[in-house]
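Enquirer: Mind looking over this structure? Questions follow.
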Amino acid sequence: MANERGATLLFESANESQNKENPQYQVEQVKKMIDQGAKSVIVVFQALKGKEGDTAKQEILEYAKAKDVTIIAARRPADKSLHTRFANVISVASSAEEAGAYQGKMVIDQWTKHPEWDLNADGKMQFMILQGDKKNKKMDVRTQFVMRTLTGSEIGDKLERIPMTADEETNTERGKAKDIVANWIKTGKIKKMEVIIGNTDDLVLGALDAFKEANEKPLPLFGMNAIDEAQEAVKNGEMAGTVLQDVVGQSKISYQIAENIALGKSPSDGIDIPFTGGTTVNVPYAIIVKDI
């Protein structure tokens, strides 16, 4: 059915079957919509991982290119290599670089507002980063930009990052983070820290679990992703803050681009956020802290 602007929406549910075990499911769905006459298709490439996923992405883009159809990659940007090889892909997402920068700014702002967090009164912020899986490029980039933002700020010369030992390296599991922080509490290592920054909310919530189990007051904890439990923890004062990826805004912009193309308009028509390189829209993050 066409909307009031003359665009027709086709919808296919992935039914939880678009993952690496069955990437062709999503390929066939996209082909079906293209064969039904779609001029643009919004696709979530996020679950297409590994070699099979890469092959599926390429097959989708090649089929769309042959039919003069634009693919809008939503939630996660398409790989740079795909943007280089295919002119018919537009990414609507939020960059890992920006996520790290926002988290860094949040930490700086809150540390400045709370001088009581300087537990040893040395004028420096002693902090630990629960990075997560170091093999995950997005998490590694987030950490880099958190550090870049912190060190380039007005408190840049008042920082002391406490490194993790090899056996403290975390994946993205909440339970693993809990065990690590519980050991810090048990051994007294936690007394060297004043702030804990996590690459995901799950890692920080794991740290919070450890503090609760030990009946200890948690240090200021900063997360990422703004999952419901983390937002509730911020509201309750158990976490200092988290960073929200605006998936609603991403969805609205993805739809607007798709509709613009279907109606023969410029993809950027009515969209205030500039297109990076003409192919990518980075939707801003939002900072969530209790006193904002």
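Enquirer: Which residue out of LYS32, LYS65, LYS39 is surrounded by 16 or more Cβ atoms within 10 Å (Cβ to Cβ), at pLDDT 90 or above and out of contact with any helix residue (DSSP H, G or I) (no Cβ under 9 Å at 6 or more places or on another chain)?
Expert: After applying the criteria, what remains is LYS65.
Enquirer: While we're looking at this one, here's another question. Checking the structure you have, find out if any residue of the range 121-140 is in a helix (DSSP H, G or I), surrounded by 16 or more Cβ atoms within 10 Å (Cβ to Cβ) and either in contact with a Pro (Cβ under 8 Å, 6 or more places away or on another chain) or of a type in the set (A, V, I, L, M) (or both).
Expert: There is at least one residue in the range 121-140 that is in a helix (DSSP H, G or I), surrounded by 16 or more Cβ atoms within 10 Å (Cβ to Cβ) and either in contact with a Pro (Cβ under 8 Å, 6 or more places away or on another chain) or of a type in the set (A, V, I, L, M) (or both).
Enquirer: Mind listing whichever residues of the range 198-235 are closer than 17 Å to ALA286 by Cα and in contact with a Pro (Cβ under 9 Å, 6 or more places away or on another chain)?
Expert: Scanning the range 198-235 gives no hits.
Enquirer: When you go through (1) outside the structural domain of MET239 (by TED's automatic domain parsing); (2) within 30 Å of ALA207 (Cα to Cα); (3) touching a helix residue (DSSP H, G or I) at 6+ places or on another chain (Cβ under 8 Å); (4) not in a loop (DSSP other than H, G, I, E, B) one by one for ILE90, which number turns out not to apply?
Expert: (2)
Enquirer: Scan the range 50-87 for residues that are in contact (Cβ under 8 Å) with a residue 40 or more places away in the chain and outside any loop (DSSP other than H, G, I, E, B) and jot them down.
Expert: THR70, ILE71, ILE72, ALA74, HIS83
Enquirer: Before we move on, is ALA99 at pLDDT 90 or above, under 26 Å from ALA177 (Cβ atoms) and surrounded by 15 or more Cβ atoms within 10 Å (Cβ to Cβ)?
Expert: Numbers: at pLDDT 90 or above: yes; under 26 Å from ALA177 (Cβ atoms): yes; surrounded by 15 or more Cβ atoms within 10 Å (Cβ to Cβ): yes.
Against the criterion (at pLDDT 90 or above, under 26 Å from ALA177 (Cβ atoms) and surrounded by 15 or more Cβ atoms within 10 Å (Cβ to Cβ)), ALA99 qualifies.
Enquirer: Cβ contacts < 7 Å: first residue in the same structural domain as ASP140 (by TED's automatic domain parsing), restricted to the range 162-175; second residue of a type in the set (Gly, Ala, Ser) and modelled with pLDDT of 90 or more, any location; separation 6+ or different chain. Result?
Expert: Note: pairs meeting the criteria are THR170/ALA177; ARG174/GLY206; GLY175/GLY206.
Enquirer: Any idea which of (1) outside any helix (DSSP H, G or I); (2) under 21 Å from ALA286 (Cβ atoms); (3) under 18 Å from the mean Cα position of the chain (by Cα) is the one THR149 doesn't satisfy?
Expert: So the condition that THR149 fails would be (1).
The values are calculated or read from the model by the stated rules, or taken from the named source; none is laboratory data. This one's a predicted model, so the numbers in the text were calculated from it and none came from an experiment. No Cβ is skipped: glycine too gets one built from the backbone with ideal geometry, and neighbour counts run over all protein chains shown.
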